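Have a look at the structure below before the remarks.
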Amino acid sequence: MKVKEDGLFKSVFFAHLIILFHILLILGMGLLVFFFKFIIHYWIWIILGCLSVSVSAGYLLIKKLKKSSNAIAEILDTPGIQGRPLEITFLGGLANVKIGSSSFNSGNQRTLIESSSQSKLRDLTDLARMFDKKLLTEDEFNRAKQTLLLD
């Protein structure tokens, strides 16, 4: 008799669970109808709100890009960077932008493997250029030239 009472209790409990789930399902459907009725009734305002948020976000993005482009233009105008290729990375290296010429045969590019005579010639050329631009005194130029030729 204990077994039949246990089975009866489980059956009644299971029936109540089914009724509870049906009530929850009907409430959920009612909320869905109410929600979609709300959307259908106010769809124009929802679209206008989304559109205004999108336009204002675009305006703020363009404003920020103009500020950063002015900063980049100021950096590119510095004498140490003019005429050299520049690579800017965004998002931790996920996006790259290359600015300037990046031709492999340009005069500023150095070969990956060069002989010692090519290296000395390049260094002497750099020294002569620095001396011509008055970045080195004659004494400094002669000492650096002697150091290069003795190596």
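If only residues of the stretch 76-96 that are touching a residue at least 12 places away in the same chain (Cβ under 8 Å) and charged (D, E, K, R) are counted, the one that is surrounded by the fewest Cβ atoms within 10 Å (Cβ to Cβ) is E87.
The C-beta contact set for the stretch 117-139 (first residue in contact (Cβ under 8 Å) with a residue 60 or more places away in the chain, second residue assigned to a helix (DSSP H, G or I) and among the aromatic types (F, W, Y), distance under 7 angstrom, 6+ apart or interchain) is empty.
Take F90 and tell me if it is among the aromatic types (F, W, Y), farther than 30 Å from M130 by Cα and at pLDDT 80 or above.
On the way: among the aromatic types (F, W, Y): yes; farther than 30 Å from M130 by Cα: yes; at pLDDT 80 or above: no.
No, not satisfied.
Is one or more of the residues making up the stretch 109-129 of a type in the set (K, R), modelled with pLDDT under 70 and in a loop (DSSP other than H, G, I, E, B)? Yes, the stretch 109-129 has at least one match.
For (1) in contact with a Leu (Cβ under 8 Å, 6 or more places away or on another chain); (2) over 30 Å from V97 (Cα atoms), each residue gets a yes or a no:
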| residue | (1), (2) |
| --- | --- |
| F35 | no, yes |
| H41 | no, yes |
| I46 | no, yes |
| V53 | no, no |
| Y59 | no, no |
| I62 | no, no |
| K67 | no, no |
| L76 | yes, no |
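The values are calculated or read from the model by the stated rules, or taken from the named source; none is laboratory data. Computed from a predicted model, the values in this text were never measured in an experiment. Because the Cβ atoms are built from the backbone with ideal geometry, glycine has one as well, and the counts that use them run over all protein chains shown.
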